[in-house]
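Take a look at the structure below.
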Amino acid sequence: MKINIVHIVEDLKTGGLEKVIASIVTGLDHEKFNLRVWCLARGGDIFDELKIKGLEIENLEMKSPKNPLFLIKLWKKFKINKIDIVHTHGYTATTIGRLTAFFAGVKVIIAHIHSTYYNYNKKQLIIEKIFSLFTNKIICCSKAVAGFVRENEKIDLRKIQVIYNGIDLHKFEVVSSVKNHENKRFTIGCVASLVEHKGHKYLLEAAKEVLIALPDKVRFMLVGDGVLRQQLEDQARSLGISEYVSFMGNVTNVEALISTFDIAVLASCEREGLGLALLEAMAGGIPVIGTNVGGIPEIIENKKNGLLVKPYDSKSIAQAIILMCSDWPRTKNMGDKARLTVEKKFSKEIMLKTITKLYLELYNGKK
């Protein structure tokens with residue numbers, strides 16, 4: 001008999017967390033598991049993609065997380081669908097999902113933590129601690145996230161398991177060979193939501209310095225959308241670099257766009273669970289530059305498979321880009337090693353195998 005599993009998340013817009021959910025629910029063995037996805041509040045691009053693929057996915061249209069009628073509705077859905085395992089993602093879903101699953105008598109409750117949420121207030125940290133008491137396992141996407149959960153939320157170490165996000169290497173085989181450069185303009189790409197903690201402000205400041213050092217040799221491509229788009233476009237204009245910076249918005253086939261990058265940069269400055277966008281670029285053999293934040297140092301080994309720079313430091317970012325553009329044979333070698341890193345530690349197959357093992361162990365332990 002199949003194990004009934006539901007993944008719960010607030011929405012499924014385009015983002016790293018959402019991509020991980022899609023990889024899990026499409027990649028796990030559907031002969032072993034009956035998989036569902038419930039979006040609490042709204043859908044999004046990845047919701048639509050999963051719907052087209054025939055996944056059992058619903059938008060529960062939650063208006064407020066404080067509405068007791070909605071909690072009763074969710075409680076009933078657990079009961080009616082005879083859910084065996086609840087796997088939650090994101091603060092709202094891990095709070096509401098775990099609470100209602102507990103009262104519905106769900107056998108196994110899992111919380112998946114995707115970042116180091118240093119902006120949590122005291123109340124949120126206390127809630128996480130209390131809810132961990134009836135959570136069977138807390139999956140952390142990096143050792144940095146596990147450290148945050150342990151130190152700030154005071155979670156029992158036995159409840160914590162690190163499972164790295166996995167990349168579908170087959171999607172990036174076409175772009176796995178880095179291009180040679182002979183008097184050609186470099187494309188510096190960044191895939192990230194246009195929000196404060198992704199550090200685009202510092203990347204644009206770095207772009208100004210790079211263009212002074214390497215005039216007409218580089219262009220920048222920012223992939224993603226968010227609340228800061230207008231502000232960042234204004235910043236590019238005020239810096240006098242707007243003709244060299246393309247704001248691409250959200251794209252459906254990010255793999256094809258990454259293949260046009262020569263170098264990928266992620267300038268995260270506050271928090272970063274792991275850096276899925278960097279892993280995707282590395283899977284394509286693209287040389288990467290990342291800040292020394294969160295889980296990024298767990299994927300970039302400085303000067304071997306990429307370059308690590310200080311956060312909030314546009315000069316460090318600029319120097320790294322200039323160095324990579326100025327020594328292409330060495331940069332190409334870092335790109336080749338980046339691909340090998342993903343193959344060895346961050347493949348989708350490794351992630352799915354580990355999650356499958358965890359599901360079966362927890363479920364069989366509760367039978």
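The values are calculated or read from the model by the stated rules, or taken from the named source; none is laboratory data. Remember, it's a predicted structure, so these values are computed and weren't measured experimentally. Ideal geometry is used to build each Cβ from the backbone, glycine not excepted, and the neighbour counts take in all protein chains shown.
A compact table of results
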quantity	calculated
Count - residues of region 136-158 that are over 20 Å from the mean Cα position of the chain (by Cα) and on the phi < 0 side of the Ramachandran plot	9
Total residues in region 209-224, condition farther than 10 Å from I322 by Cα, at pLDDT 95 or above and under 28 Å from the mean Cα position of the chain (by Cα)	5
Test result for V227, within 19 Å of D327 (Cβ to Cβ) and either in contact with an Asp or Glu (Cβ under 9 Å, 6 or more places away or on another chain) or aliphatic (A, V, I, L, M) (or both)	no
Residue within region 81-89 that is farther than 26 Å from I350 by Cβ and modelled with pLDDT under 95 present	no
Residue within region 16-33 that is under 24 Å from C141 (Cα atoms), modelled with pLDDT under 90 and either touching a Gly at 6+ places or on another chain (Cβ under 9 Å) or in a helix (DSSP H, G or I) (or both) present	yes
Index of the failed condition, K154 passing every other in (1) touching a helix residue (DSSP H, G or I) at 6+ places or on another chain (Cβ under 6 Å); (2) closer than 29 Å to T291 by Cα; (3) buried (at least 19 other Cβ atoms within 10 Å of the Cβ)	(3)
Inter-residue pairs, beta-carbon under 9 Å, first closer than 27 Å to A22 by Cβ and in region 159-185, second part of a loop (DSSP other than H, G, I, E, B) and modelled with pLDDT under 55, 6+ apart	L169/S176
Verdict on A93 being among the small types (G, A, S), in contact (Cβ under 8 Å) with a residue 40 or more places away in the chain and surrounded by fewer than 23 Cβ atoms within 10 Å (Cβ to Cβ)	no
Residue satisfying all of: in region 8-36; in contact (Cβ under 8 Å) with a residue 60 or more places away in the chain and acidic (D, E); surrounded by the most Cβ atoms within 10 Å (Cβ to Cβ) among these	E10
Residues that are of a type in the set (K, R) and more than 17 Å from H197 (Cβ to Cβ), drawn from region 13-32	K19, K32
Flag if R339 is more than 14 Å from G189 (Cα to Cα) and without any contact (Cβ under 8 Å) to a residue 40 or more places away in the chain	no
